[in-house]
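Trainee: For reference, the structure I am asking about is given below.
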Amino acid sequence: MRLLLVVEDDYDTRVTLAAVLAETGYSVCDSGDAPSALGKLRSLLPDLVLLDYGLPSPREGEGFLRAKSRDALVASIPVIVMSAYVLPATIDGTVAVIQKPFDVERLLDVIRGTVGPPESPRTDAA
């Protein structure tokens, strides 16, 4: 089963998104801040990260992406950025940028296009 890491500082958004993803069939872990997310990223090696870019400021989202890119263990894990900020259509180190509020079906399409459906077996030995 595919494991997704949801990194979102707004509790209600994080819990709701995690519930939607779990109901869709994905395994989900979550974090409310970049430092704890980086720890979970290294320990759990998820298939995909859904990152709120502005947690609680864009500098924290940027910092997460920089730290991830410098770590050989996790650098290849894809990231989808979600943000209420107006951002460029692409950001280095990410596979997609989704503007909040987002359409859940569109988000799920991007997730499936990146890691496959939830029931796909993981390709690593984790």
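Trainee: Does the range 56-126 come out rounded, prolate or oblate, given a ≥ b ≥ c as the square roots of the eigenvalues of its C-alpha gyration tensor, rounded meaning a/c under 1.5 and, failing that, prolate meaning a/b above b/c?
Mentor: oblate
Trainee: Using the Cα centre of the chain as the reference point, and only Cβ charges (+1 on K/R, -1 on D/E), how large is the resulting charge dipole? Debye, rounded to the nearest 20.
Mentor: Roughly 380 debye, rounded to the nearest 20.
Trainee: Helix-only mean residue ellipticity at 222 nm, the chain, DSSP H runs n ≥ 4 weighted -39,500 (n - 2.57), per residue, nearest 500. What is it?
Mentor: Calculated from helices alone, the mean residue ellipticity at 222 nm is -12500 deg cm²/dmol.
Trainee: Just going by the charge dipole of the chain, with Lys and Arg at +1 and Asp and Glu at -1 on Cβ, which of Val79, Leu108, Pro58 is farthest out on the positive end?
Mentor: Comparing the listed Cα positions along the dipole, Val79 ranks first.
Trainee: Let me ask something else about it. Consider the candidate values (1) -0.45, -0.92, -1.64; (2) -0.58, -0.99, -1.46; (3) -0.64, -0.97, -1.33; state which one is log10 I(q)/I(0) by the Debye sum over Cα atoms at q = 0.13, 0.18, 0.23 Å⁻¹ computed from the structure displayed.
Mentor: Answer by label: (1).
Trainee: Tally the DSSP beta bridges in the chain and give the antiparallel ones as a percent, rounded to 5.
Mentor: Of those bridges, close to 0 percent are antiparallel.
Trainee: Which Cα, out of Ser69, Thr90, Ala22, lies furthest along the positive dipole direction of the range 1-105 (beta carbon charges, K/R +1, D/E -1)?
Mentor: Ser69
Trainee: What's the extension gain from Glu105 to Glu119 if we count 0.36 nm per residue and subtract their Cα-Cα distance?
Mentor: Once the chain is fully extended between Glu105 and Glu119, it gains 3.3 nm.
Coordinate-derived values only; no laboratory data. Source: prediction; values computed, not measured. Backbone-built Cβ (ideal geometry, glycine too); neighbour counts: all protein chains shown.
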